[in-house]
Structures are given as C-alpha cells and as structure tokens.
Amino acid sequence: MNLIVGSAVHSPPSSSSCANQQYRTINNMAQVSLQVRTSLDLANARFKGDTTISYELILEKFRSIEKPIDKYLTLRDLLRLAPRVYYDLLLKHTEEILPYIYTPTVGEACENYHKLPLKTRGMYLTLHDKGNVLKKLQAWPVQDVKVAVITDGERILGLGDLGRNGMGISEGKITLYTAAAGVNPMQCLPICVDIGTNNPAYLEDPDYRGIKAPRVTGAEFDEFMGEVMESLQAWQAHMLVQFEDFGNNNAFRLLDSWRHKMCAFNDDIQGTACITLAGLLSAARATGKPFNEHRVLFLGAGEAGTGIGELIATYLHLRHGMTMEEGRQHCFFMDSRGLVCKSRTNLQHHKQPFAHDVESCPDLKSAIAALKPTALVGVSTIAKAFDREVVEAMCGLNDRPIIFPLSNPTSKSECTYQEAYEWSKGKVLFASGSPFDPITDAGVVHYPAQANNAYIFPAVGYAAILAKSKEITDEMFVLASEELSSMTDMEELEQGRLFPPFQSIRAISKVLTARVAEKMVDAGLGTAPEGCNDWESYVASNMWNADAL
Ligand SMILES: NC(=O)C1=CN([C@@H]2O[C@H](COP(=O)(O)OP(=O)(O)OC[C@H]3O[C@@H](n4cnc5c(N)ncnc54)[C@H](OP(=O)(O)O)[C@@H]3O)[C@@H](O)[C@H]2O)C=CC1
Ligand SMILES: CC(=O)C(=O)O
Ligand SMILES: [Mg+2]
C-alpha cells in the first residue's frame, strides 16, 4: 500500500515525539515567552483597532512553535494574559488547537505539572481543608459557578496516579465547556482534590507540591469527598459536577453515591460510554448489520469499558426491547487476568454483570476466535495491544471490522490509525481516543474518527446547566449518542468520519444541548428557562464567545 499519512495544514503531535523530552531550558523559556509577548503585542494592537495587524500573524506565531508542550504553555500564557486572543484562537481553530490543550499534550503537561511554569485558576481542596471546605468555597473570588470538573488525580488518562498534578486534566476539560459548548468561562471551576498520592517518584521528588503521603482510602476518602460534595451543593443553588479521572476503586462508588442527589456525572464512565455508543451506532450503519446483531469485545474492564457496556445494554433495552441482561450479553470483557467470565472469582463489582457463562480465554486472540466479535474496543492503557494478528483476526470474521483503540494519550493507544488501516487493507471502521492524522490512499483521503468524551460532556453538561436538571439519567446519554450518530451520512462514513469534524463542535453542541435539555424538561428533571420557546435558538443565543470579553 502506498499511503500518505498526515494533513497538509498542521500536524497534531504524537506523544512518542514528545516523550522523555528534557524540559525547557531557560533559553527556551525566554524564547517561548518572547513568542507569547509578540503574539500579545500583535493581539493588543489588533483589538485596539490597528487593522494592519492580521489575526493570521498571531496564528502563524503559534504554528511556528515546535514542541507540543511549548504550544501548551504558550496557550496557557495567552489564557492568563490575553484571554480574548486565547478564546479567539480556540474557537476559530478548535480542531487544530485541541491536541495542545487536551489529549495528548495535556498528559505530558500533567506528568510534569509541578515542574512547569504554570499558574492555575483552579481550586485545590486538600485533606488540610477538612471541616472548612464550604468556607473555602465561600471565600473564592468567583461566586457564580455553574460547573466544576473535579479530579483526585488517581488515574490521569492512561498515565496512572499523578496526584495533585491532576489539576491539568480538570483545567483541560473545563476549557472545553467553553470552547465546545459556550459555557461562560467565569462560571467554570476546575478542582483538584489532594488526598495524597501513591506515585513513588512524586513522593520522593522535592519539587512535587502535593501531600507526600499515601492516598487515603475507604471511609476516610468517603468522608472527605462527602464534605466536598455537600459543600458544593450548599454553595450554589444549582451546579453541575463532573467527576474526572478518579481511580476505579472509588469512581463507581462516588458516582452511585451522588448521581441521584445532585447533578453529578462521571465523564470516564458515562461521557465515554456516550461517545463510544455514538461511534458504534455510526459504524454499525456502515457495516449494514443491525446494531442488535453486533457483539463487542473490550480489552479493559474498568470505568470506560464497563461504562460503555452498560450504556450499550441500556440502548438495547430502550430501543430494541431487550432486558438489561440480554443487552449485556452483547458485551464481553478482557481484563489483566483474561476473559471476564462466570468461573472467575473475586471479580470487582463493576465487572460482575458481564461475567457471562462462557469458557475462559487467556488472551485477546483466543477470545476473538471464541467469541467472534464484530467490534473491538481498547480501554486497557496497553499500547500496541492490537497488533497485526489481532487486526487480521478481526478481518477474518468481518468484512468491515470495527476497531476502536480508545486509550489515551497517544502513547497508550492500542494501535495507530495507520496500523489499523494497513493491516485491514483499508476495511477498518476506526475511532481512537487521541487524534491521528488522516491517510491518503490512491488519492482518496480517509479520516480517523476521534471517539473522545470531549464531543459529549460539554453539550450534555450545558443542557443540565440550562435546564437546571436535578440529575443526568442514562436515557440522556443514549439520546445524545443517537443525535450525534445521526449527524453523519453514508458518504461521510465511507471517508471514515464516524462523527462530524470537531472543528464544527459548536454547531454539534448546539443541537445536542438543545435536544438533551428539552428531554430533561419533558422527563420532569428540569425546567425551561424564562424566554425559552425554542431550545435551539435559546442555546445559540446563550453560547459565550470571545466578543464578550
Ligand atoms: N476516548 C475516551 O474518551 C476515553 C478514553 N479513556 C481511556 O481508557 C483507558 C482506560 O481508562 P479506565 O477504564 O478509566 O481505566 P481503569 O483503570 O478503570 O481500567 C483499565 C482496565 O484495563 C485493564 N488492563 C490493564 N492491563 C491490561 C492488560 N494487559 N490486558 C487487558 N486488560 C488490561 C485493567 O484490568 P484489571 O481490571 O484487571 O486491573 C482494567 O480493567 C485510559 O487510557 C483512558 O485514557 C478513558 C475515558 C475516556
Ligand atoms: C478522555 C478521558 O476522559 C480520559 O482519557 O480519561
Ligand atoms: Mg478522563
């Protein structure tokens, strides 16, 4: 195959190229700072009405910065020093900028957060705040907060326990509420809860600024998180809380404790499920096989995996009349110990509903041979786990195999787009968690889909904010999946586009927000705001943009 990989416009970073980089020298820092300053001068002149300074020049400066992490830092400087330029860039060039504020670069930023010259506008809540969390919230300079993204840093992307450095992920996600859905940035609060870390390198690193003690667990964790959640509830009349990148020993329990008491959801469990169901619905259309005849094999049975499995079952229950148990029979899971099946003992709670009555399989290849899946979903954090043999085995079973390596960042992806495309001879229906470049094959461009919860949480979250919804039910996520999937036609599916391009995320979010908010009101969970006669126009006129600054 004679493939051309890459886009002519810009190259999203690959994590391998930024892995193990030495961090910026003083020289390098000065250079980046200079670049920012130049951008600022240009930007300020522009906003003071100097029409000789072009917007393109600012963008050109940004594009000339080589290392992804330096682009990340430059954007952070812009956000702090010239927010209007930052949001202008972000809103006009969302798809290009996204990899530098989000995955994969945010992963590198989090790993090294304590060594980077960063000032956060987020809030740290630490064990030392015990008993005083509400007071701390009430003393915060911004008092009208509509959404908080909160992490304890235990499972940042597929990178493990990054402790207090997890603030970077809350910041990245919160930015997307504004960029993707139009939530006023002043009403968005990133929070990092510091309850210790089990990361041995950080515990010994003199520069690490978090609590240098093992994480608190069990009742102590629940007590502190209970205080945090009750305080947030007491602080604002209505507030959306997004749980992000908690470890799976706490994430499911935390979600179950709070999802019906306030408007709280877990992005890794529910947001990921929503985007993946949307991708699977689109891919199923491309195969021509009805969705209820598909069988999904997951590598990884954690938050993302079993969250997706539950939403698939919910979809099959709501739309195909199956029981939840019958729906779950369409999903099979491999974890680090092999196939999740009935004969396994001591299974974690979230895996138990998927412990089907099948023979155990020690590895992925034997599971593919035994279960004959139509779709393979990677949520394992194991880079390269989908090798040539795995892809070829999927091709042996399916004309159009569905292969979604969803692990983030790029360095953890179960395979690349190029690998899946080549090994499947172009037959694959592909979506990854982090972005890959398009491929040109015989003059035809094929696009990898990015199945990332970033398509979903800003819109579903904004719907909950606008409708002041009491909670976000699974039905809302099913609806959002269907709506998003319906936005691509067969011609786009043939090009590999399982979703519309992220560049049009504001238009996508407008529709998703409107549909979900309307449904929340119909379901009696929320109320239509005053003056809202038509949800789409209401959402459109309530999307914040940089002109507001
Ligand atoms: N694209 C997207 O939008 C999203 C992507 N993700 C990505 O998905 C990945 C997983 O996240 P999450 O589910 O929350 O993490 P969890 O820690 O909850 O789950 C990870 C799972 O992978 C399994 N696993 C680990 N090693 C292996 C192995 N060698 N073979 C098979 N399975 C293995 C673990 O097994 P065991 O249970 O035995 O420990 C566990 O079941 C991350 O990289 C994350 O970035 C997550 C959310 C959204
Ligand atoms: C995308 C995301 O939420 C994750 O990888 O954890
Ligand atoms: Mg996450």
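The values are calculated or read from the model by the stated rules, or taken from the named source; none is laboratory data. Every value quoted in this text rests on a predicted model; they were computed, and no experiment measured them. Cβ sites come from the backbone with ideal geometry, for glycine too, and all protein chains shown count toward neighbours. Ligands, DNA and RNA are excluded from the accessible area calculation, which covers all protein heavy atoms including side chains. Shrake-Rupley method; radii C 1.70, N 1.55, O 1.52, S 1.80 Å.
Just a few scattered comments:
- Peptides 331-344, 519-532 ranked from most to least packed by the mean count of surrounding Cβ atoms within 10 Å: 331-344, 519-532.
- In summary, the lysines within cross-link reach of residue 342, defined as a Cα separation below 21 angstrom excluding same-chain residues under 8 places away, comprise 351, 365, 372.
- Solvent-accessible surface of the chain, taken per residue with a 1.4 Å probe and all protein chains present: 39 Å².
- Protection proxy ranking for 440-448, 503-511, using the average of other Cβ atoms within 10 Å per residue and placing the highest first: 503-511, 440-448.
- Alpha carbon convex hull of the chain, projected area averaged over orientations, nm²: 25.4
- Neighbour net charge for residue 532 - beta-carbon separation under 13 angstrom, K R +1, D E -1: -3
- Radius ratio Rg over Rh of the range 274-427, counting only Cα atoms, Kirkwood formula for Rh: 0.93
- Under 28 Å of direct C-alpha separation, and excluding same-chain neighbours fewer than eight residues apart, residue 468 reaches these lysines: 135, 136, 146, 173, 261, 510, 519.
- Between 75, 495, 516, the Cα set farthest toward the positive side of the dipole of the chain (charges on each charged residue's Cβ, about the Cα centre) is that of 75.
- Annotation: the antiparallel percentage among DSSP beta bridges lying fully within the chain is about 20.
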